[in-house]
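Chemist: Got a structure for you, written out below as C-alpha cells; questions coming shortly.
The values are calculated or read from the model by the stated rules, or taken from the named source; none is laboratory data. Just so we're clear, the structure is a prediction, and the values are computed from it rather than from any experiment. Every residue, glycine as well, gets a Cβ built from its backbone with ideal geometry; the counts of neighbours run over all protein chains shown.
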Amino acid sequence: MSDARHTKAELLAEVQRLRARLVQLEPGNAPVHAATGVGSDPQDHFRAVADYTYDMESWVAPDGRLLWVNLAVERLTGYSVDECLAMGDYPLPIVHEGDRVRMAAVFQGALAGSNGNDVPFRLRCKDGSVRWVAVSWQPLQAADGRGLGHRSSIRDISDRKEAEEALQAHRALLATIITHIPCGVYWKDREFRYRGCNAEFARAAGVADPAAIVGKTDHELAWEPEQTAWFRRCDERVLATGEALLHIEESERQADGRVAQLLTNKVPLRDADGQVCGVLGVDTDVSQLKAVAAELRRAHDELELRVQARTAELAATNDQLRREIAERVRVEEALRTSEERYRHVAELTSDFAYAFRIAPDGSSEAEWITDAFARVTGRDSVDLGPPHRLLELVHPDDHPTVVRSVQLLLAGKSSATEFRMVRRDGQVHWLHNHARPEWDETAHRVVRILGAAQDISQAKLAEEEARRHQAALMHMARVSTMGGLTAQLAHELNQPLCTIVGNAQTAQRLLTTDPPDIAETRAALDDIVTHGNRAADIIHRLRDFLRLQQPTPVVLNVQRVIEDIATLAEADARQHGASIHFEISPDLPAVRADPIQLQQIILNLVRNGLEAMMRMPPGTRALKVQAQREDSGGAVIRVSDLGPGLPEAVAARMFEPFFTTKPTGLGMGLVISRSIAESHGGKLSMTRNAGRGVTFHLALPAAAEDEP
Amino acid sequence: MTTGAERGLVFVVDDDAGVRQMISRMVRSVGLRVETYASVQEFLDLYDRRQTGCLVLDVRMPGLSGLDLQERLAGLEVPLPIIFITGHGDIAMGVRAMKRGAMDFIEKPFQDQVLLDAIHAALARAAELHEAAQARDDARERLATLTPREREVLALVVDGRANKQIAAQLGTAEQTIKMHRSRLMKKMDADSLPALVRLAQLGGVAANPRR
C-alpha cells in the first residue's frame, strides 16, 4: 500500500514535470536542453515527448544496437541513458539473471521482426534491487519499407505482481482452509447448481471428488427426497431474502448410509454489484457432539434419579421416625387418658363390678362393689351378706343356675350365666353375670371372686319377641312341609293299619281251626300291637312336628333325631319314586339343639334333594343321609342327592330369601334352615358332588360336656 | 296229577316288613305255601322259574317297582299270575296293570277274604297254564319220536287229506301210507283222528304244509 501511495506521488510529480515541459514546448518558450540538444525543430519536439514518456521507451537497430532510450530508464533501473547506450548487449545487463536466458530469446525474436506484448520479466537495477516489468515491442519501418529495427516499451508492473502474489497466497490459504476444515463446505448458484465444494462435503454427497459436483443439483446427489426438498427450501429462502440462515439443525442420510446430525449455516453469495448470486453452505457434523450431549444428559438424569431416590429414602426414614415419635406420643397420651376413661365408663355404664373375698371356711363377704349395683338391682350393697343372703335376691327359678355357677367358681373355673334378680319393688330384672376366681397358689384355694354384671332385661325382652316370631315362621315352614306330605302320611298310616287289619282277621281264622293255632294267633296279636304303636308313633311325632312351640335346645342324640324322621323321610322318598339310605356312624357326639327344629332342617334338605331328582329316571333316584363326627368334635349331617346339580348362578343365590327354582316354592326353606343352624351355633352349606347332584352339610358343635 | 292249589306257591313282594309278614301269615293260615321278598331285585335274584304259583306284589317300592317286575315277567313261557296290592288307590296305575294281564288290583287295607279269593283264583289260573304247558311239552316229546316220513304224512293228515291223496302226492302206495299212519297214531298215543290233530297242533305242526 505504501508502495502504491509512493507510486502515486511519483506519478503526480511526473505529471507536474510533463506540464512544465509542455509549457516549455510552446513556441518561444522552449528552453534549450544542452545535453540532448533538443532544438526548436519538430524532431526535437518528438524526441522531447519520447524522452519524457513515463514508461521506458527504447529503439533498437536491426543489428541489435541500442539507438535510443528515454529518460525513464534511469527512474526504473538506476542506469543513465548514456550508460545504457554504452552497453553492448542492451538490455540483457539490466535483466534479472533468472530471466536473462528467456528474455534473450524474446529479444532475438524481436530482432527477427516479431511483435510482443506485455511479456513480464524482472529488472536487475543498478543498486541491485529487483523490479517487475513488462515489455511490449513492434518492428519499425521507414517510409520506403526499409527495416529500422524495433521499438520497445517497458512498463513497471511491480504493484500488479505484488497484488497477484498476494491474491495467490490468499487463494492458497483459502483452499487450504476449505480442504482441511472439518465441515462440509459448498456453494451453489441461483439455479441451485453446485459450483464447488470441499472433499468433506463430496464424501457426504457421494461424489468422487469435489470437482465432480460442479453443475449438479441436490436432486442428483445421495440425499433422500425429503432432505432434498428441505435443502431446497433453505436455499430458496437465503436467495430470496439475501440473509444468512444460521444454526439450522438437520439430520442428513449421507452417501455411506450414516445419518448425521448437522448444524448448518447458509449465507448468500453476492456478485460485484452486490446482487445475490448464490448460496454458500457450511455443514458441521454434530452427531458425535449430540451423542455425547445425550450421554451427558443420560448421566445427568441418572444422577438426578439417584439423588431423588436417596432423597425419597431419607424422606421415608424421616417420616418413619416422625410416625414413631407421634405413635409414642399417642400411646403415652392414651395411657394417660385411659385411666380417666375407665373411671367415666364405670360411672356411666349399666354394669356393676364386684369382688368377694372367700374365707378359708368357704364363707364370703363383699369386698367392694361399684355404685351401679344400686341402680341395677334396686338394692343397697348392705343387702349383700353371706352367700345365702345373695341367693335371696335371685328369682327362685334361677337358684339352680346360680348355685351351679358359684360351685364352678369355687372350683376355680370362670363362669358366665344369665339369671333373674328380684328388685325390692318386686320387679324382675335379667342379669348377665361374668365372674372369675382368683386362685392363690400358696393357700391352694380360691381367695377372691371378681365379677361384673349387666342388666340385660331389654335385650331379653327383644330376644323373646324375636324368638316368638321366629318360632311362628318355623312353624309355618313345618306346616307347609307337612302339607306336601299328606299323601305320604296317609300311605304311612295305611301300612300299619293294613297290617293290623290283616293280622286281626288272620287271628280270627286261626282260632276257628281245629285245633286252634294258638302260637300263630299270639304272633299275629303281637304284630297288631307293634304296628298299632307304630301308627301311634307316627301320629305323635307329626303332632310334635306341627306344634307351635318355643324352641327349647336340649342335649340331643343325633341318631335318635334322624331315626325319628326316618319314617317321614322314607315316605317322602317313596312318593318321589326314590330310594333313601341312612348312614349313621356310631361315634356321633351329642349336640345341643331343639329336636323339632333339627328334624325340620333334615326333612327340608331331604325334600329338596328328592325334588331335585324328579327330573332323573325313576330307577336312579337315590338319596343318602349321613351323620358323622367331625374332626372338630362336632357332628355333621350330610344329605346328598343324585339330581342334575345346580348351575353356578342358582348355587350362589340359594340361601337368599324368596329365591326358589320350584314352581310352587316360597323360597324360604333353606333360609329358615340356615337361620336355625346358625341359632344353634352351627353352619349349613352346600357343595357339588364329584359325580351327580349336590350335598348339603349341616354342621353342629358338640354339646359342652358339663351341660345337662 | 295234583291240583293247582296244592302245587302252587304264593310269592309276596313288599318292602314293608309288617305287611309282608301279615300276608304271609294270612296265606299260611289257609294252608298255602308262601315265600316273601323285600324287593323286586331280591325276587328276581332268588325266584326259581320252574316253580309255578302266583305273585302278590306291592305296586310302589324303592328301586324297581311292581310294575317294572310285571314288565320283566311278561316274556315268561309259563306266565306268573299277578295280584297287585297298593296303598295309593291309583286308578290309572291299576288300569295299566290290568291291561298288561294282572289278575287283580287290591287296595290296602283289604278284607282277608278279598285277597285270599284273588290268590285262589290266581293259583287256579297258574295250574291251568301249567297243565297247558305240560300238554304242549308232551305233544312235542311225542312228535320228536316220529321219522321224517311219518312227520310228512302227519302234516298231510292234519290238513285233512285222504290216504289215497297222500299216497299220490308222496308218490307211493296207499298201503304204505296206511302203515305210516297207524304207526304214528300209536307213537302219538292218539286213539282218534281229532285227538291226533289236537296233539299235532299243540306240538306245533303246521296245518297247511308247503307243497
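Chemist: Can you tell me which condition residue A:196 does not meet? The list is (1) crowded, with 16+ Cβ neighbours inside 10 Å; (2) among the small types (Gly, Ala, Ser); (3) closer than 30 Å to residue A:69 by Cα, and all the others hold.
Modeler: (3) is the only condition that residue A:196 fails.
Chemist: Considering every residue within the range A:476-488, establish whether at least one is within 23 Å of residue A:582 (Cβ to Cβ), modelled with pLDDT under 75, within 14 Å of chain B (Cβ to nearest Cβ) and in a helix (DSSP H, G or I).
Modeler: yes
Chemist: Taking the range A:91-115 as the region of interest, how many residues are surrounded by 16 or more Cβ atoms within 10 Å (Cβ to Cβ), at pLDDT 85 or above and not in a helix (DSSP H, G or I)?
Modeler: Residues that pass the stated criteria total 3.
Chemist: Also, I was wondering about something else. Restricting to the range B:88-108, name every residue that is more than 14 Å from chain A (Cβ to nearest Cβ) and either in a loop (DSSP other than H, G, I, E, B) or under 19 Å from residue B:30 (Cα atoms) (or both).
Modeler: B:100, B:101, B:102, B:103
Chemist: Continuing with the same structure: Name the single residue that is nearest to the other protein chains (Cβ to nearest Cβ) among those in the range B:12-35 being more than 21 Å from residue A:509 (Cα to Cα) and buried (at least 19 other Cβ atoms within 10 Å of the Cβ).
Modeler: B:16
Chemist: If I ask for residues that are more than 7 Å from chain B (Cβ to nearest Cβ) and surrounded by 15 or more Cβ atoms within 10 Å (Cβ to Cβ), which ones from the range A:512-522 would you list?
Modeler: A:517, A:521 - these are the residues of the range A:512-522 that are more than 7 Å from chain B (Cβ to nearest Cβ) and surrounded by 15 or more Cβ atoms within 10 Å (Cβ to Cβ).
Chemist: Still on this structure, please answer the following. Which members of the range A:489-499 meet the condition of being more than 8 Å from chain B (Cβ to nearest Cβ) and either touching a helix residue (DSSP H, G or I) at 6+ places or on another chain (Cβ under 6 Å) or at pLDDT 90 or above (or both)?
Modeler: A:492, A:493 - these are the residues of the range A:489-499 that are more than 8 Å from chain B (Cβ to nearest Cβ) and either touching a helix residue (DSSP H, G or I) at 6+ places or on another chain (Cβ under 6 Å) or at pLDDT 90 or above (or both).
Chemist: Turning to a different aspect of this structure: Out of A:338, A:364, A:381, A:350, which single residue is at pLDDT below 85 and touching a Pro at 6+ places or on another chain (Cβ under 9 Å)? First the steps, then the outcome.
Modeler: Numbers: A:338 fails: touching a Pro at 6+ places or on another chain (Cβ under 9 Å); A:381 fails: touching a Pro at 6+ places or on another chain (Cβ under 9 Å); A:350 fails: touching a Pro at 6+ places or on another chain (Cβ under 9 Å).
When all the criteria are applied, what remains is A:364.
Chemist: When the residues of the range A:500-511 are filtered to those that are more than 7 Å from chain B (Cβ to nearest Cβ) and either modelled with pLDDT under 75 or crowded, with 20+ Cβ neighbours inside 10 Å (or both), which remaining residue is farthest from the chain's Cα centre (by Cα)? Please lay out each step first, then the result.
Modeler: Our first condition is that a residue be more than 7 Å from chain B (Cβ to nearest Cβ); within the range A:500-511, this holds for A:500, A:504, A:507-508, A:511.
Then drop every residue that is not either modelled with pLDDT under 75 or crowded, with 20+ Cβ neighbours inside 10 Å (or both), which leaves A:500, A:507.
Working: A:500: 85, A:507: 94 Å.
Of everything passing the filter in the range A:500-511, A:507 is farthest from the chain's Cα centre (by Cα).
Chemist: Read through the list (1) more than 14 Å from chain B (Cβ to nearest Cβ); (2) outside any loop (DSSP other than H, G, I, E, B), then give the number of the only condition that residue A:525 fails.
Modeler: Only one criterion is unmet by residue A:525, namely (1).
Chemist: Here's another thing I want to ask about it. Taking residue A:608 and the conditions (1) within 20 Å of residue A:701 (Cα to Cα); (2) surrounded by 19 or more Cβ atoms within 10 Å (Cβ to Cβ), which numbered condition does it fall short on, given that it satisfies the others?
Modeler: (1)
Chemist: Continuing with the same structure: Scan the range B:110-130 residue by residue and report those that are within 14 Å of the chain's Cα centre (by Cα) and exposed (fewer than 13 other Cβ atoms within 10 Å of the Cβ).
Modeler: Listed by number, the list holds a single entry, B:128.
Chemist: So, residue A:81, is that one in contact with a Leu (Cβ under 6 Å, 6 or more places away or on another chain) and among the hydrophobic types (A, V, I, L, M, F, W, C) or not?
Modeler: Here the answer is no, as residue A:81 does not meet what is asked.
Chemist: Within the range B:60-87, track down each residue that is away from chain A (no Cβ under 11 Å), not small (Gly, Ala, Ser) and not in a helix (DSSP H, G or I).
Modeler: Passing the criteria: B:76, B:77, B:78, B:79, B:80, B:81, B:82, B:83, B:84.
Chemist: Same structure, new question: Here are some residues: B:111, B:51. Which one is free of Cβ contacts under 8 Å to residues at least 24 places away in the same chain, of a type outside the set (A, V, I, L, M, F, W, C) and either over 28 Å from residue A:508 (Cβ atoms) or within 14 Å of another protein chain (Cβ to nearest Cβ) (or both)?
Modeler: Values: B:51 fails: free of Cβ contacts under 8 Å to residues at least 24 places away in the same chain.
Sole residue among the options that is free of Cβ contacts under 8 Å to residues at least 24 places away in the same chain, of a type outside the set (A, V, I, L, M, F, W, C) and either over 28 Å from residue A:508 (Cβ atoms) or within 14 Å of another protein chain (Cβ to nearest Cβ) (or both): B:111.
Chemist: Could you check the range A:580-602 and list, in sequence order, the residues that are facing chain B (nearest Cβ under 10 Å) and buried (at least 20 other Cβ atoms within 10 Å of the Cβ)?
Modeler: Step one: filter the range A:580-602 for residues facing chain B (nearest Cβ under 10 Å), giving A:580-581.
Result: A:580, single match.
Chemist: Restricting to the range A:442-475, name every residue that is at pLDDT 80 or above, surrounded by 12 or more Cβ atoms within 10 Å (Cβ to Cβ) and part of a helix (DSSP H, G or I).
Modeler: A:457, A:459, A:460
Chemist: Further question: Across the range B:33-48, which residue is nearest to the chain's Cα centre (by Cα) among those that are touching a residue at least 12 places away in the same chain (Cβ under 8 Å) and part of a loop (DSSP other than H, G, I, E, B)?
Modeler: B:47
Chemist: Looking at A:543, A:547, which one is of a type in the set (D, E, K, R) and free of Cβ contacts under 8 Å to residues at least 12 places away in the same chain?
Modeler: Testing whether each residue is of a type in the set (D, E, K, R) and free of Cβ contacts under 8 Å to residues at least 12 places away in the same chain leaves just A:543.
Chemist: Can you tell me which residue is surrounded by the fewest Cβ atoms within 10 Å (Cβ to Cβ) among those in the range A:123-163 that are among the hydroxyl-bearing types (Ser, Thr, Tyr) and in a strand (DSSP E or B)? Reasoning before the result, please.
Modeler: Here is the first cut: in the range A:123-163, the ones among the hydroxyl-bearing types (Ser, Thr, Tyr) are A:129, A:136, A:152-153, A:158.
Cutting the leftovers down to in a strand (DSSP E or B) gives us A:136, A:152-153.
Details: A:136: 15, A:152: 22, A:153: 19.
The selected residue is A:136.
Chemist: Looking at (1) surrounded by fewer than 20 Cβ atoms within 10 Å (Cβ to Cβ); (2) more than 19 Å from residue A:673 (Cβ to Cβ); (3) in contact (Cβ under 8 Å) with a residue 12 or more places away in the chain; (4) not charged (D, E, K, R), which is the one condition that is false for residue A:646?
Modeler: It is condition (2) that residue A:646 fails.
Chemist: Something else about it: Within the group A:53, A:36, which residue is at pLDDT 60 or above, part of a loop (DSSP other than H, G, I, E, B) and under 23 Å from residue A:84 (Cα atoms)?
Modeler: Values: A:36 fails: at pLDDT 60 or above.
Just a single option satisfies the conditions, and that option is A:53.
Chemist: If you don't mind, another one. Could you pull out the residue among A:118, A:82 that is of a type outside the set (S, T, N, Q) and on the phi < 0 side of the Ramachandran plot?
Modeler: None of the other options fit; the residue is A:82.
Chemist: Look at residue A:559 and say whether it is polar (S, T, N, Q), away from chain B (no Cβ under 14 Å) and closer than 18 Å to residue A:672 by Cβ.
Modeler: When the stated conditions are applied, residue A:559 does not pass them.
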